[in-house]
């Protein structure tokens, strides 16, 4: 399929624009869900949770721009809590996945939830097995919004770069450094299409 599209670069660009747009919209929708759930968690019922385990795990995270992976640290917790007379187990620290950050950030977060501590867990009243300790945190939603913005900006940039009329209009509106950056991006895309 890709070889067929490469014979028609404009079709490849169109397909890439659509893929980036779709991925950006999915990321945006997921970010909105994460944010909505995080905000709702502020009004969820509370239960006392006992921290069974709190661990910091180093991970290598790769970035497309960085030549070497960078190390991040993830906080993993395990806890028990009781809802309606039933003992439940949880491992979610926040909505959207585990807490990740620098070593100092992870240590600070883990210090809030040491093993043996009794803390407040917020649980979804419709799904009592879904509980979180860091209620109201929108950190994961913000990261997802950043990814969505990048994907949507790339889709928009490709759409503009593939339209000669749009390029002429932009030439009259944008400062020269921005135009130079757009031209460089366009040249990279065209070089990639020729590979």
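None of the figures in this text is laboratory data; all of them are computed from the coordinates on show. Predicted model only: the values in this text are computed from it and were never measured. Cβ sites come from the backbone with ideal geometry, for glycine too, and all protein chains shown count toward neighbours.
In the range 41-55, whose amide N lies under 14 Å from the spot 7 Å out along Cα-to-Cβ of residue 89? List them in ranges. Of the residues in the range 41-55, 50-54 have backbone N under 14 Å from the label point off residue 89. Take every Cα pair under 8 Å whose residues are at least 6 apart in sequence, average their separation, divide by the length of the range 45-134, and the relative contact order is 36 percent. One chain, two ends: residue 163 and residue 179. Fully extended at 0.36 nm per residue, the span grows by 4.3 nm beyond their Cα-Cα distance. Ordering 33, 44 from the fewest to the most neighbouring beta carbons within 10 Å gives 33, 44. Placing pseudo-labels 7 Å out from each Cα toward the beta carbon at residue 70 and residue 105 gives an inter-label distance of 0.9 nm. Extension gain, residue 150-residue 118: 0.36 nm per intervening residue step, less the Cα-Cα distance, totals 7.5 nm. Full extension of the chain segment joining residue 126 with residue 60 gains 20.2 nm, where the gain is 0.36 nm per residue of separation less the Cα-Cα distance. As an exercise, use a Förster radius of 30 Å and the Cβ-Cβ distance of residue 142 and residue 46 to find the FRET efficiency, rounded to the nearest 0.05. Once the sixth-power term is evaluated, E becomes 0.80.
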